[in-house]
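Novice: Quick one: structure below, then a few questions.
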């Protein structure tokens, strides 16, 4: 069973089961999207952590950290500021490296 309790501007969720794998991912994705939280990347990229910050003027700054030993292609538009190479398909983040990408609002 899944119970929700709204309080102020937030919502608490209580789940009486312990989903795993794809079921857990789908459940958490549904909750996040209902709260207006969207993924940083279009899809998962194994070994890559991604975080986006938005400035007051609407510019997005996406930070990518490649935790693996090999370079990884990440589908992302914007201006590569440091740490990676722009490719036709997005950004190539070196193994063990990072990238900062600036995206207009």
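Bear in mind these aren't lab numbers, they're just calculated from the coordinates by the rules spelled out. What you see is a predicted model; the values in this text were computed from it and never measured. A quick note on method: Cβ atoms are made from the backbone with ideal geometry, for glycine too, and the neighbour counts reach across all protein chains shown.
Novice: Every residue in region 7-45 that is touching a strand residue (DSSP E or B) at 6+ places or on another chain (Cβ under 8 Å) and either in a strand (DSSP E or B) or closer than 21 Å to residue 100 by Cβ (or both), please.
Specialist: 11, 12, 13, 14, 15, 40, 41, 45
Novice: Here is a further query. Among the listed residues 76, 92, which satisfies the condition of being surrounded by 14 or more Cβ atoms within 10 Å (Cβ to Cβ) and either assigned to a strand (DSSP E or B) or touching a helix residue (DSSP H, G or I) at 6+ places or on another chain (Cβ under 8 Å) (or both)?
Specialist: Criteria check complete, one pass: 92.
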